[in-house]
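The structure appears below as structure tokens.
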Amino acid sequence: MTGTVRRFGKAARAVHWTVALLMIICIVTAAILYNGSLEVAIGHRHLVELIHVYSGFALPVPILLGAISAAYRLDLRRLNRFTPGDWRWLRSRERRDGSIKVGKFNAGQKLNAALSGGAIAALLGTGVIMYFPSLTRLSWRTGSTFVHDWFALAVGLLVLGHIAYALKDSEALRGMRTGRVSASWARAEHAAWADEVLEPPQDHEQEALS
């Protein structure tokens, strides 16, 4: 496809959208369970609770299955690597002017991934303790309920912020929807990554000249 570059493979997109769907189900069902008015209006509390629990238990599954893909594992390594440039990007007020070359993921995206992964782990762990009360003593269950509630609120705000940023950048959303982005967007928003994928390797140039 002329003028575009591949940003995400099928595995990364499948993981992203599956996790997004499960997360939204968890948020909606949590809102129903914690809001008395919604609970009365919807009814079927036991069914809503089961949907919430099993969607939560399923959240890590697509992430683990995605690790089968080498491209997905590479994306995870990129997300897990914070560079000096990332710190400069976070501190800079002109982070979007292109003066700081950004890799495939900017520092904000790396922080979002870290917070999301940590929150999923915390919610899963506390959810297990709450759903299987015989596993631990009462003080643990009480603490888990407190932690679970506050992490759920934080995740809801994080997801809303993520959606808001995605809707403001149609090209980034296109990358996660179709797997491809325009070369001009890649150069403007992720210049260091664009250098990797758009410029031919030096050894290939030498072969062409010889």
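General observations
- Leu115 being more than 24 Å from Met23 (Cα to Cα) and of a type in the set (A, V, I, L, M): no
- Unique match (being more than 13 Å from the chain's Cα centre (by Cα), surrounded by 13 or more Cβ atoms within 10 Å (Cβ to Cβ) and not β-branched (Val, Ile, Thr)) among Leu50, Leu111, Leu79, Leu65: Leu65
- Flag if Thr126 is at pLDDT below 90, of a type in the set (S, T, N, Q) and surrounded by 14 or more Cβ atoms within 10 Å (Cβ to Cβ): no
- Within the stretch 169-187, tally of residues that are of a type in the set (A, V, I, L, M, F, W, C), part of a helix (DSSP H, G or I) and over 16 Å from the mean Cα position of the chain (by Cα): 3
- Summed over the stretch 14-48, residues that are in a helix (DSSP H, G or I) and more than 27 Å from Ala71 (Cα to Cα) total 21.
- Residue pairs meeting the criteria (Cβ under 7 Å; at least 6 apart or on separate chains; first touching a residue at least 60 places away in the same chain (Cβ under 8 Å), in the stretch 159-171; second of a type outside the set (Gly, Ala, Ser) and surrounded by 11 or more Cβ atoms within 10 Å (Cβ to Cβ)): Val159/Met23; Val159/Ile27
- Residue within the stretch 5-13 that is aromatic (Phe, Trp, Tyr) and in a helix (DSSP H, G or I) present: no
- Count of the stretch 54-107 residues which are of a type in the set (Phe, Trp, Tyr) and in a loop (DSSP other than H, G, I, E, B): 2
Residue by residue, here is whether (1) more than 22 Å from Val61 (Cβ to Cβ); (2) of a type in the set (A, V, I, L, M, F, W, C); (3) touching a strand residue (DSSP E or B) at 6+ places or on another chain (Cβ under 9 Å); (4) loosely packed, with under 12 Cβ neighbours inside 10 Å holds:
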{"residue": "Arg96", "(1), (2), (3), (4)": "yes, no, no, no"}
{"residue": "Ser99", "(1), (2), (3), (4)": "yes, no, no, yes"}
{"residue": "Ser116", "(1), (2), (3), (4)": "no, no, no, no"}
{"residue": "Leu158", "(1), (2), (3), (4)": "no, yes, no, no"}
{"residue": "Glu171", "(1), (2), (3), (4)": "yes, no, yes, no"}
{"residue": "Ser182", "(1), (2), (3), (4)": "yes, no, yes, no"}
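- With respect to (1) of a type in the set (A, V, I, L, M, F, W, C); (2) under 26 Å from Val53 (Cβ atoms); (3) modelled with pLDDT of 90 or more, the lone exception for Met176 is condition (2).
- Subset of the stretch 1-41 [among the β-branched types (Val, Ile, Thr) and within 23 Å of His148 (Cα to Cα)]: Thr18, Val19, Ile24, Ile25, Ile27, Val28, Thr29, Ile32, Val40
- Residues of the stretch 88-123 classified as of a type in the set (Ser, Thr, Tyr) and at pLDDT below 85, total: 2
The values are calculated or read from the model by the stated rules, or taken from the named source; none is laboratory data. These figures come from a predicted structure and were not determined experimentally. Neighbour counts are summed over all protein chains in view; Cβ atoms, including those assigned to glycine, are modelled from backbone coordinates with ideal geometry.
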